[in-house]
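Some notes on the structure that comes next.
The values are calculated or read from the model by the stated rules, or taken from the named source; none is laboratory data. Bear in mind the structure is a predicted one, so any value in this text is a computation, not a measurement. Note that we place each Cβ from the backbone using ideal geometry, even for glycine, and neighbour counts take in every protein chain shown. To get the accessible areas, we keep the full protein, side chains included, count just its heavy atoms, and leave off ligands, DNA and RNA. Shrake-Rupley method; radii C 1.70, N 1.55, O 1.52, S 1.80 Å.
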Number of protein chains: 2
Amino acid sequence: MLSTMQDVPLTVTRILEHGVLVHGRSQITTWTGEGEPRRRSFAEAGVRAAQLAHALRDDLGVRADDRVATLMWNNAEHVEAYFAIPAMGAVLHTLNLRLPAEQLVWIVNHAADRVIIVNGSLIPLIAPLLPRLTTVEHIVVSGPGDRAPLAGGQARVHECEELLADKPTTFDWPEIDERQAAAMCYTSGTTGDPKGVVYSHRSIYLHSMQVNMTQSMGLTDRDTSLVVVPQFHVNAWGLPHATFMTGVNMLMPDRFLQPAPLAEMIETERPTHAAAVPTIWQGLLGELHAKPRDVSSLTQVTIGGSACPPSLMEAFDQLGMRVCHAWGMTETSPLGTVARPPAHAVGTEEEFAYRLTQGRFPAGVEARLTGPGGERLPRDGTSAGELEVRGPWIAGAYYNGPDAEPLRPADKFSEDGWLKTGDVGTISPEGFLTLTDRAKDVIKSGGEWISSVDLENALMSHPDVAEAAVVAVPDDRWGERPLATVVLKDGATTDFETLRVFLAEERRIAKWQLPERWTVIASVPKTSVGKFDKKVLRRQYADGQLDVTHL
Amino acid sequence: MLSTMQDVPLTVTRILEHGVLVHGRSQITTWTGEGEPRRRSFAEAGVRAAQLAHALRDDLGVRADDRVATLMWNNAEHVEAYFAIPAMGAVLHTLNLRLPAEQLVWIVNHAADRVIIVNGSLIPLIAPLLPRLTTVEHIVVSGPGDRAPLAGGQARVHECEELLADKPTTFDWPEIDERQAAAMCYTSGTTGDPKGVVYSHRSIYLHSMQVNMTQSMGLTDRDTSLVVVPQFHVNAWGLPHATFMTGVNMLMPDRFLQPAPLAEMIETERPTHAAAVPTIWQGLLGELHAKPRDVSSLTQVTIGGSACPPSLMEAFDQLGMRVCHAWGMTETSPLGTVARPPAHAVGTEEEFAYRLTQGRFPAGVEARLTGPGGERLPRDGTSAGELEVRGPWIAGAYYNGPDAEPLRPADKFSEDGWLKTGDVGTISPEGFLTLTDRAKDVIKSGGEWISSVDLENALMSHPDVAEAAVVAVPDDRWGERPLATVVLKDGATTDFETLRVFLAEERRIAKWQLPERWTVIASVPKTSVGKFDKKVLRRQYADGQLDVTHL
């Protein structure tokens, strides 16, 4: 039996219209590095979004489904693009300015971007690549920066402000099906080609509601959010959309992401909330210790991207900034879990432990764990398996061109359509996720899993160990066993047997999980973003380049 | 271009599963009047919901789309029915136990309810009607009460607890399209037959997310909500669904809605939030003045249904209970607006005025005003027109039987599908709604509207006036003009000219709005729920029964 409710689509357009109409006086403040920040109300941003849509359609010929890319910092103009492009029926494609040039070229060509909107300061990055961007017809430049390197290419170059100057201040936004593409973002996987996730109007709308729920970020128009997480990184965790839905003010750092300007903008603009990865916060903490600032306005900090070290969480607590862990990925829009402690733990000794988990699943994210043999594992807080998730803002495939069938690789999506996250962890009976490893790094030993991260953390807690990486190596009897690679501190002479006893006795690592294979290395190989590059270690072991001791 | 996101439906089933799995230890506490309240965890309620679904399907033969009615107070068993019935694919039909018998019979027959679940204490209400309920095959009785009056009818009578006793504790809930009917509720309009609103799984899910947003009720698992608003009244404002989504505990008063037990349950169970209509709160206030209680836990009170008098709001503020106004109707699920003051007004003299408005529209509710001539009016805070709304949890039609086309009467729905609320008011530039009248009571004078409520409030502020009702009467020149009917206080001798000057000079009523026609009456006729019955006055005027003075 059908309901009698109205059939109104959930669209980015609706979020834009609401933000402009009801929260028109809320502000987007963009840091400029010198002098006054650029201040723009949601109402003004709405006018400029309409003008941008006119420019894209009337001057540049952008049509429904065309991909319009952005290569921009976090700023008001990028927010305007966030709304104008999906609302006009085109697809926003945010480009990650930290990617290697090769990947950037591959991604732009794969998405078949027709237009790129670029911040002037990023022209040196894009200009050398232009000859290889086969589908790009127009470059729109926003903000200061030398335009000269763009000259002479086949793409037409436009000044954003000139395009907008004479345009009508409203746009007759088209009706859009909520399942239509609104935005896309490529994951920068360490193996294989990057994979495109295409967000729908529906998924963005629902995700925005979730962000605004009290047990997620739950901000209101009394808040100002310092959005450090880049807009090219999973839609800045949904904040530009969520803030327009509820009138939360945004403070945008533009390219000033160093600790000193961040500390200065917190002191002078007084945000109440901030969102960023741990690395940024670690830097800010050092800055604040070196040069104390009044950061008392900032009481809520959302940390995601990778796990927040306990010491960092404690340090921020002491500054009056309450850290809230969240977990997600490009494929999850990204809000997958938020670490709000359950009611019974608030104010108890358990509370901090809950805050160190990845967090609790909201109603919109179903979760299950799959064990080494493909079996479902219980949500008992101890059984570790690969996390699979399902929900209306979770990817069910990857982009494969506008007319091709989407890609559903079997290592990424289950047969019944769930996303295989590649993360290994446990789920407690109360729905809290604790991640212990990446699936590709877990050690599969005799039908059981050994967490490489647990072993590494245990080893690194020994006073003589500077760094440690544990990788799986083949073993005739067990399938795989852990290899412990250890970087000793200068002058340390600890032997492997001592470390093994330390793991067993002090760190309570189960006997069957203790490594037999040990080696000392000069340093752990790292990826371009600073993560342990374990495939290098596995290769060195396979090639016999490591001097391994068997205990 | 299609997105690559998963296509996961928004269903009541998902809310149930999430509440049971992630918030299983949250509680539904049902007041029993004597002794310990009945305490049940969400996990236990989930088991019982599964058992109820088995009973309905396996024992009673309920199939997809069948209507299963409830005639129940607010209690844990009613919450279980809220989830079991929609999740099994049937349609929950909540019956308003305060309706006149004739309407109840009409509604049950119109909905073609196959089953009624009834609280034992309500058997005296339903038993006499049974012979006229032509579609009802089964009566399921829950809780104490004499069963004897049910005997001998053609409907089979079942004990709820006996039905559940031997049933499996899980149910293989079917996949459901989110646009399918989940629940229905009839409006008790004062004119014409009652009209059925059929909520979809989608509308309930989205409305639940909205209720949980910080700028709506925004409760968490640290809260306990005292749900006084009946579950037969627009899904108890969405609270049973919203609480399962986020683990908010529920305190259910069952049939103990008198001020004394309400005060007692607040003191002993310490809810943090409560939701009810003003009448309930007025009674509670009197009780608390007569017999002070510790009600310090209760800091947030949602009031809707009709406007909260300023004096009541102030009185609750003084008790530490922060009143938050909300506006809605059966057709709006009901959350239409919530009166959270905007950031700039918080802590200023303006704040109270914002709290007295009906509230601000969330992103999910689009609003517009239509003037006397059908024209769109500006959102300027002064232009008054009929409020029309649009959104995914707003009705677009009324129920007309399972196989018939839905009803879309032109006085209730615009040609482009918006709901005509029948409420007249203004919208501020910031999206705050202030209602001034019901559309049927507004006076249409020379192409302009005069608010009957404004004139009444102004008249009733005169020290000699006990009550005043203003109605539209036909006028040759202006179409309609206001007739002021006044009840004077005992011994008062004020004349009409004095009142007219008082309106103009003291109350700043515009000259063209001042009534020319005046009459004194003994008392204002009232409806069964205590509202002014203006159609009686209009008829008395038309019949020449009133002694009218022309000024």
How far is A:Arg368 from the same spot in each other copy, in nm, shortest first, if each label point sits 7 Å from Cα toward Cβ? 4.6
Segment A:9-96: percent of C-alpha pairs farther apart than 15 Å? 60
Solvent-accessible area of B:Asp146, probe 1.4 Å, all protein chains present, reported in Å² to the nearest ten, please. 100
With a sphere of radius 12 Å drawn around the Cβ of B:Met252, what net charge do the other residues whose Cβ falls strictly inside it have (Lys, Arg +1; Asp, Glu -1)? 0
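Starting from the residue with the highest accessible area, list B:Lys534, A:Lys440 in decreasing order, probe 1.4 Å.
Output order, biggest surface exposure first: A:Lys440, B:Lys534.
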Want the number for B:Leu312 to B:Lys531: 0.36 nm per residue separation, take away the alpha-carbon distance, what's left? 77.0 nm
Any chance you could look up the accessible area of A:His158 with a 1.4 Å probe, heavy atoms only, rounded to 10 Å²? 20
If a paramagnetic tag sat 7 Å from the Cα of A:Asp543 along the Cα-Cβ line, which residues of segment A:468-490 would have the backbone N under 20 Å from that point? A:469-474, A:483-487
Points 7 angstrom from Cα along the Cβ direction at A:Glu34 and A:Ala290: gap in nanometres? 2.1
In segment A:429-447, accessible area falls by at least 30 Å² from chain alone to full assembly (1.4 Å probe) for A:Glu430
Given q = 0.26, 0.29, 0.30 Å⁻¹, what are the Debye log10 I(q)/I(0) values for segment B:375-415, with equal point scatterers placed on the Cα positions and solvent ignored? -1.00, -1.08, -1.10
Given labels modelled 7 Å from the Cα in the Cβ direction, how far is it in nm from A:Glu497 to B:Leu407? 9.0
Between the alpha-carbon centers of segment B:490-551 and segment B:301-367, tell me the distance in whole angstrom. 30
For segment A:537-551, 3J(HN,Hα) per residue [Karplus equation, 6.51 cos²θ - 1.76 cosθ + 1.60, θ = phi - 60°, Hz, x = Gly/Pro]: 5, 5, 5, 4, 5, 4, 7, x, 7, 9, 8, 9, 9, 9, 9
Which value, in square angstrom to the nearest 100, describes the accessible area buried between chains B and A on both sides, using a 1.4 angstrom probe? 6300
By how many nm would the segment from A:Arg507 to A:Thr299 lengthen if fully extended, with 0.36 nm per residue of separation less the alpha-carbon distance? 71.5 nm
To check you understand DSSP bridge types, tell me what percent of the beta bridges within chain A (both residues inside) are antiparallel, rounded to 5. 55
For segment A:441-550, what does the alpha-carbon gyration tensor say about shape, rounded, prolate or oblate, given a ≥ b ≥ c as the root eigenvalues, a/c under 1.5 as rounded, and a/b over b/c as prolate? rounded
Chain B - accessible surface per residue (Å², probe 1.4 Å): 38
Using a simple charge model, +1 on the beta-carbon of Lys and Arg, -1 on the beta-carbon of Asp and Glu, nothing else, what dipole does segment B:328-473 show about its Cα centre, in debye to the nearest 20? 320
Hey, any idea what % of the protein assembly as shown's accessible area is carbon plus sulfur with a 1.4 Å probe? 50
If the label point is 7 Å along Cα→Cβ of A:Lys444, which residues in segment A:349-384 have backbone nitrogen under 20 Å from it? A:368-378, A:383-384
Under Stokes-Einstein, chain A at 20 °C and 1.002 mPa s, with its Kirkwood radius over C-alpha pairs, diffuses with a coefficient in µm²/s of 86
If each label sits 7 angstrom from Cα along the C-beta direction, how far apart, in nm, is B:Leu551 from its counterparts in the other copies? 9.9
With +1 on each Lys and Arg Cβ and -1 on each Asp and Glu Cβ, how big is the dipole of segment A:1-146 about its Cα centre, in debye rounded to the nearest 20? 200
Order of B:231-240, A:404-413, A:460-469, A:419-428 by packing, highest average Cβ count within 10 Å first? B:231-240, A:419-428, A:460-469, A:404-413
How about segment B:196-245: which of its residues lose at least 50 Å² of accessible area in the presence of all protein chains relative to their chain isolated, using a 1.4 Å probe? B:Val198, B:Arg202, B:Met209, B:Met213, B:Thr214, B:Gln215, B:Asp221, B:Arg222
DSSP beta bridge pairing in the protein assembly as shown, given as percent antiparallel to the nearest 5: 55
Of the beta bridges DSSP finds with both residues in segment B:198-346, what % are antiparallel, to the nearest 5? 10
Please turn the phi angles of segment B:420-429 into ³J(HN,Hα) values with the Karplus equation 6.51 cos²θ - 1.76 cosθ + 1.60 (θ = phi - 60°), one per residue in order, whole Hz, x for glycine and proline. 8, 6, x, 9, 10, x, 10, 10, 7, x
Output the residues of segment B:379-394 meeting this criterion: accessible area (heavy atoms, 1.4 Å probe) in the chain alone minus accessible area with all protein chains in place is 40 Å² or greater. B:Arg379, B:Arg390, B:Pro392
Could you give, in nm with one decimal, how far A:Arg507 is from each other copy of that position, shortest first, with labels 7 Å out from Cα toward Cβ? 8.0
Using all alpha carbons of the protein assembly as shown, what is the percent of pairwise distances in each 10 Å bin, ordered from the shortest bin to the longest? 2, 9, 17, 21, 20, 15, 9, 4, 2, 1, 0, 0
Solvent-accessible surface ranking, highest first, for A:Leu125, B:Leu130, B:Leu95 at 1.4 angstrom: A:Leu125, B:Leu130, B:Leu95
Let me test this: with uniform point scatterers at the alpha carbons of segment B:365-439, what is the Debye-based log₁₀ I(q)/I(0) at q = 0.11, 0.14, 0.18 1/Å? -0.29, -0.45, -0.69
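So if R0 is 41 Å, what FRET efficiency would A:Val346 and B:Ala466 give, r being the distance between their Cβ atoms, rounded to the nearest 0.05?
Efficiency for this residue pair is about 0.20.
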